[in-house]
Amino acid sequence: MDTSVQPDTESSLIEDLKKGNATAYKHAVREYSPGMLAVARFYQDQSGAEEIVQDCWVTVIGAIHKFEGRSGLKTWLHRIVANRCKNKLRATNREVSTDFSETLDPELASRFKSNGRWSLPPKLIFHESADTLMENEALSDCLDKHLSTLPETQRSALMLYEAHQHKSEDVCNILDVSASNLRVLLHRARQKIFLMVETFQETGEC
Amino acid sequence: MLMCKGLAEIASDYIDDELNSRQNLSVKMHLMMCKHCRTFIGNLRASTDLLKAHSSGRDNEEMIRRIDERVAEALKTWTPEGNNTE
Ligand SMILES: [Zn+2]
């Protein structure tokens, strides 16, 4: 599923952007910046991410005439952001490393007996709807805290796929991971969130 | 036969409907017999929904305004570069 922008609306928006139309840019900035910030946010803190998104828009103004529409506009914009972030990482010698060999989170893996059955099964059922749960500010903060401790690649994969509803193929392109590794990243990240919510529901502690 | 641990390993693929039909069937069979795994799948799915709800609607008006300003500034020196490359 893509954004609310329909294909023909998107192509006319792109034509207007190519003409340097200020109103079109205002619209595009509102529509696409939150997603771009989400991409940048996984490599950078808040202010660094905002700076990158601003720089990217300036790049877009100069590069939109080269956009051929092979990918959607959103995907193209997110790739620009991801590439800029990756270059910046390289410049500061920070490495993004990931282990793709284990599909189970170690903490979850320890909850099974050697015969493969649960020794410590899930304790309670998450009854409340996601929207109701999110009204709980402490839980929301806790989620933020745990998201920030996820390895960068897991967090990026999770947010692009779940929150910004990119197709798997696009996430693989943006993050430079294979389809099977993306599946591992998503599963590992979801398990962490599951474990976090379980602890929070049970103890009220983050 | 698929055990609980094996099911936990492929739980996200099940949720996202990425399993082949044989795997999918064995998960469904296991879930019919195993209450713990039904809870696990339900909770993992709820965690996933939680993330979706968590990140939507957190747009930052101030940030958008700052980007607007920067873009407006950059557009002042706009030239139709597409035509230069002909
Ligand atoms: Zn089971």
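The values are calculated or read from the model by the stated rules, or taken from the named source; none is laboratory data. Given the structure is predicted, the values throughout are model-derived calculations rather than measurements. All Cβ positions, glycine included, derive from the backbone under ideal geometry; neighbour counts span all protein chains shown. We work out accessible area using only protein heavy atoms, side chains counted, and drop any ligands, DNA or RNA first. Shrake-Rupley method; radii C 1.70, N 1.55, O 1.52, S 1.80 Å.
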Problem set entry | Cβ-placed point charges (K, R +1; D, E -1), dipole of segment A:106-203 about Cα centre in debye, nearest 20 | 680 debye
Problem set entry | Those Cys residues of chain B for which no other cysteine Cβ falls under 4.7 Å | B:Cys4
Exercise. Dipole size in debye (nearest 20) for the protein assembly as shown around its Cα centre, Lys and Arg Cβ +1, Asp and Glu Cβ -1?
Worked result: 860 debye
Exercise. So how long is each side of segment B:1-63 along the principal axes, counting just the alpha-carbon atoms, biggest first, in Å?
Worked result: 55, 23, 15
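Only Cα pairs under 8 Å and at least 6 apart count here; give the relative contact order of chain A as a rounded whole percent.
Working: 149 pairs, mean separation 47.7, N = 206.
Here the relative contact order equals 23 percent.
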For this session: Mind checking A:134-145 for the average number of partner chain beta-carbons within 10 Å of each residue's beta-carbon?
Result: 2
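Can you pull the percent of segment B:4-75's accessible area that's carbon plus sulfur, 1.4 Å probe, other chains left in place?
With neighbouring chains kept in place, the figure for segment B:4-75 is 49 percent.
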Exercise. What average number of partner chain Cβ atoms lie no more than 10 Å from the Cβ of the residues making up A:24-35?
Worked result: 4
For this session: Excluding residues fewer than 8 places away in the same chain, name every one of the lysines whose C-alpha is closer than 16 Å to that of A:Lys167.
Result: A:Lys74, B:Lys52
For this session: Taking the dipole about the Cα centre of segment A:106-203, with the C-beta of Lys and Arg at +1 and of Asp and Glu at -1, give me whichever of A:His127, A:Thr199, A:Val184 is farthest to the positive side.
Result: A:Val184
Seminar exercise, completed: Rounded to whole angstroms and listed largest first, the alpha-carbon spread of the protein assembly as shown along its three principal axes comes to 69, 40, 39
Problem set entry | Calculated FRET value between A:Lys88 and A:Cys206, using beta carbons and R₀ = 25 Å, to 0.05 | 0.25
For this session: Multiply the residue gap between A:Asn115 and A:Asp141 by 0.36 nm, knock off their C-alpha separation, and tell me the result in nm, one decimal place.
Result: 5.6 nm
For this session: Sort largest first and round to whole Å: the equivalent ellipsoid semi-axes of segment A:106-203, each the square root of five times a Cα gyration tensor eigenvalue.
Result: 25, 20, 11
For this session: Under 23 Å Cα to Cα from B:Lys5, which lysines show up? Leave out anything in the same chain fewer than 8 places away.
Result: A:Lys113, A:Lys123, A:Lys192, B:Lys28, B:Lys35
For this session: Give me the aspartates and glutamates in straight-line cross-link reach of A:Lys86: C-alpha distance below 13 Å, same-chain residues under 8 apart excluded.
Result: A:Glu95, A:Glu152, A:Asp176
